[in-house]
Amino acid sequence: MNYLTQANILSNRVRLSVDESTIEFNQLYLNQMMDEIGHLVEGRILIIDRNNNAIYDSFNDIRDTKISSEEISRALKGERVVSLYKLDRYGETMYISVPVIYYDRILGVVFMSISLQEAYNTINSVKNLLFFISLLTLLLITGISLVFANLISQPIKVLTEAMQRTAQGKLNERVDIDGNDEIGQLSRAYNFMSTKLSHIEKQRKDFVANVSHELKTPLSSMKLLAESLIMQPSNNISIYHEFLEDIDSEIDRLNEIIESLLSMVDLDEEKLNLNYKLTYVNYLIEKVVNNIRPLAEKKNIKIIISQWEKIQIFIDQGKIYQALMNIIYNAVKYTDDGGKITINIEKEGRYAVIKVTDTGYGIPKESLPYIFDRFYRVDSARSRKTGGTGLGLSISHQIISLHQGTIEVESEVKKGSTFIVRLPMDVNKH
């Protein structure tokens, strides 16, 4: 309850002490009543009559003393007045003056003097406490922010240093940052990228080494044959003829390697455009088989085409022809005399599926993940015997991938292999 309301209530109670016959305050009744309720009000209470005489003082210091002040004068005119002062003795002090009205007549004033210093002191204490709490909270937040900033920046620093080392050529860098947050995801992505770059770099080195070896071998053979010819007597025509045939064979082999490398370079071009045409897959396979049949007949190998319906899709005829030729040629090359090759053509959902199954040597389980790598050979000794560059399956894989298709292999040693090519029938040509 505010102090002005208390003063109004006191004014109403004081009015009850007025003697109706004399229209004056009954001093005895006033004193009794104020003694009963005065202690309920904080501060000092004065009752002033209309002649400015203090007829009641809760402190009993200035009773029957004439009191004059602006607040009392205004209250005797009917105003309710609240004033604030800063006193040397009491500090912040509030004066409240409320008139005592009896039937429209102002008989006196209820004057209250209340010290607010304790309240001000409490407010100042609360302000100081809040300032201290705010300062402590700020320091705490600053400390926590620094800790979290360090927790966040340290992994970023580690990651940045690893990236700098990668940029300098150290491609197998890894960072050990755990967690499922963005930094953890970034570190795992970096580790994956680093591993991939390392693998690509190894492939590049192997590729260069293999290309050098593949080119050097026929060149060395031709040089040896040429030197032998130089050393031979000039009248031995049959030896010249034999050696020149060998040189011609090595030149053909060198041309085959170069053509395979050029095909691979073309397939690696990012802006490679495929010349899509509506093509019957069945006829394309029959064309491949017809071209390769003479080689199969030399080894007494049967080639059977199994087809239930004609399948027509958009493909680059030349490149798919090349991919299928590599696959079927390998099947013939690595199948023993008297073996069999079966080619199945069918639909599976939105794909045209071509399965090439042979009864050849088969591929060891540990070699299956690598057979589409450039220059990879399952058996180097057999590869040298049968010839080839080791690029055929890699080229086929790239061509089929460019057509948004897939190529898989299933194989068992000494039982044969099955290459499965899937080409989408609703290919996006753009």
Original post:
Hey, any hits in the range 379-393 for a residue that's crowded, with 19+ Cβ neighbours inside 10 Å, of a type outside the set (G, A, S) and modelled with pLDDT of 85 or more?
Top reply: yes
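Which members of the range 174-186 meet the condition of being closer than 17 Å to L197 by Cα and open to solvent by 40 Å² or more (accessible area, probe 1.4 Å)? I'd like the intermediate steps shown before the answer.
Of the range 174-186, the ones closer than 17 Å to L197 by Cα are 174-175, 186.
Residues satisfying the conditions are R174, L186.
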Subject >> Condition broken by L76, with the remaining ones in (1) within 20 Å of L107 (Cα to Cα); (2) in contact (Cβ under 8 Å) with a residue 60 or more places away in the chain satisfied >> reply: (2)
**OP:** Scan the range 4-22 and report the pairs whose first residue is at pLDDT below 90 and basic (K, R) and whose second residue is open to solvent by less than 40 Å² (accessible area, probe 1.4 Å) and part of a helix (DSSP H, G or I), with Cβ atoms within less than 7 Å and a gap of 6+ or a chain change.
**Re:** R13/M33; R13/I37
**OP:** Kindly establish whether S97 is surrounded by 12 or more Cβ atoms within 10 Å (Cβ to Cβ) and either of a type in the set (S, T, N, Q) or more than 24 Å from M33 (Cα to Cα) (or both).
**Re:** yes
Subject >> Options N282, N290; residue that is at pLDDT 70 or above and open to solvent by 60 Å² or more (accessible area, probe 1.4 Å) >> reply: N290
**OP:** All but one of (1) surrounded by fewer than 16 Cβ atoms within 10 Å (Cβ to Cβ); (2) modelled with pLDDT under 90; (3) among the basic types (K, R) hold for K347, so report the exception by its number.
**Re:** (2)
Original post:
Out of (1) in contact with a helix residue (DSSP H, G or I) (Cβ under 7 Å, 6 or more places away or on another chain); (2) modelled with pLDDT of 85 or more, the odd one out for Y90 is which?
Top reply: (2)
**OP:** Scan the range 296-325 residue by residue and report those that are assigned to a helix (DSSP H, G or I) and hydrophobic (A, V, I, L, M, F, W, C).
**Re:** A296, I320, A323, L324, M325
Original post:
Of the conditions (1) closer than 18 Å to S113 by Cβ; (2) in a loop (DSSP other than H, G, I, E, B), Y56 fails just one. Which one is it?
Top reply: (2)
**OP:** Considering only residues that are free of Cβ contacts under 8 Å to residues at least 60 places away in the same chain and in a strand (DSSP E or B), look in the range 326-357 and name the one that is nearest to K299 (Cα to Cα).
**Re:** K340
Subject >> Failed item, numbered, when F132 is tested on (1) within 59 Å of the chain's Cα centre (by Cα); (2) surrounded by 13 or more Cβ atoms within 10 Å (Cβ to Cβ) >> reply: (2)
Subject >> Residues located in the range 18-46, provided they are hydroxyl-bearing (S, T, Y) and in a helix (DSSP H, G or I) >> reply: Y29
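The values are calculated or read from the model by the stated rules, or taken from the named source; none is laboratory data. Computed from a predicted model, the values in this text were never measured in an experiment. Ideal geometry is used to build each Cβ from the backbone, glycine not excepted, and the neighbour counts take in all protein chains shown. When the accessible area is computed, the model is the full protein with side chains, heavy atoms only, and any ligands, DNA or RNA have been set aside. Shrake-Rupley method; radii C 1.70, N 1.55, O 1.52, S 1.80 Å.
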